[in-house]
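Here the structure is laid out as structure tokens; the discussion comes afterwards.
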Amino acid sequence: MKNLLFTLLGIIFLSACASKSAEPVAVGEQNESYFGEKITMEGAISLKDLISKVNDTGTYEGKVEGEITGTCAKKGCWMTLRNEAGDDIRVKFKDYGFFVPTEGQEGRMAIMQGIAWQDTVSVEMARHYAEDGGATPEEIAKITEPEYNVGFLADGVIIKQ
């Protein structure tokens, strides 16, 4: 009986893990990939405007467009974007409910819908992100101060091919 219980729990765990993948929920006519909630491209502001709005008001809710500079190499559970001024934001995904591809996204444009805020990233978490992003031990050791930046929690993402 105990073995049956453990077998059932194992099956449930594996099926739960398998449901969260980096496979797009759809591929559009323009060959864009959708992850999470299916959103539209209309109404997206630039990453520069997003950062300005968050710096002025503390938060922003809506859509933003920016160039992908990196994704989590382990699971695709976050991505980073950069604007022309060199400002970066880290995007995480609502309820850890979807992932993006772990490689090959750099230089592509993404449109995301969600919430942005002023974020403080602890040294421990910044090191974790650096490790997930493929940084060397030497690069990770150089992280000694918290990071202050704009965070974004997306409920839907479009990646343009």
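The values are calculated or read from the model by the stated rules, or taken from the named source; none is laboratory data. Here the structure is a predicted model, which means the values were calculated and not measured. All Cβ positions, even for glycine, are placed from backbone atoms using ideal geometry, and neighbour counts span all protein chains on display. SASA here: full protein model, heavy atoms, side chains in, ligands and nucleic acids out. Shrake-Rupley method; radii C 1.70, N 1.55, O 1.52, S 1.80 Å.
Given charges of +1 on the Cβ of Lys and Arg and -1 on the Cβ of Asp and Glu, with all other atoms neutral, how large is the dipole of the stretch 30-128 about its Cα centre, in debye to the nearest 20?
Numbers: 12 positive and 16 negative charges, 65 e Å.
I would put it at about 320 debye.
Under a 5 Å amide H to amide H cut-off, with H placed in plane at 1.01 Å, what residues pair with GLY156 once short-range neighbours are removed?
The answer is GLU37, GLN113.
Rounded to the nearest 10 Å², what accessible area does VAL121 show when all protein chains are kept and the probe is 1.4 Å?
Ignoring ligands and nucleic acids, VAL121 comes out at about 10 Å².
When the Karplus curve 6.51 cos²θ - 1.76 cosθ + 1.60 is applied with θ = phi - 60°, which whole-Hz ³J(HN,Hα) does each residue of the stretch 144-159 get, with x for Gly and Pro?
10, 10, x, 9, 10, 7, 9, x, 9, 10, 9, 9, x, 9, 10, 10
Taking K and R as +1 and D and E as -1, what net charge do the other residues with C-beta under 12 Å from the C-beta of ILE68 add up to?
Working: positive: ARG82, ARG90, ARG108, LYS160; negative: GLU65, GLU67, ASP88, GLU103, GLU106.
Taking every other residue near ILE68 into account, the sum is -1.
Counting only residues 5 or more places away or on other chains, whose amide H sits under 5 Å from the amide H of ILE45 once H atoms are built in the peptide plane?
Residues meeting the amide H criterion: LYS63, VAL64, GLU65.
Exceeding 22 Å between C-alpha atoms, which entries from my cross-link table qualify? They are LYS38/LYS94; LYS92/LYS160; LYS63/LYS142; LYS48/LYS75; LYS38/LYS74; LYS75/LYS142. Numbers along the way, then the final one.
Values: LYS38/LYS94 13 Å; LYS92/LYS160 18 Å; LYS63/LYS142 34 Å; LYS48/LYS75 27 Å; LYS38/LYS74 24 Å; LYS75/LYS142 24 Å.
Pairs exceeding 22 Å: LYS63/LYS142; LYS48/LYS75; LYS38/LYS74; LYS75/LYS142.
How big is the accessible area of LYS75 in square angstrom, nearest 10, if you roll a 1.4 angstrom probe over the protein chains?
We get 100 Å² for LYS75.
Choose one of GLY97, TRP78, GLY107: the residue whose Cα lies farthest towards the positive end of the charge dipole of the stretch 57-161 (beta-carbon charges +1 Lys, Arg; -1 Asp, Glu; about the Cα centre).
Of the candidates, GLY97 comes out farthest on the positive side.
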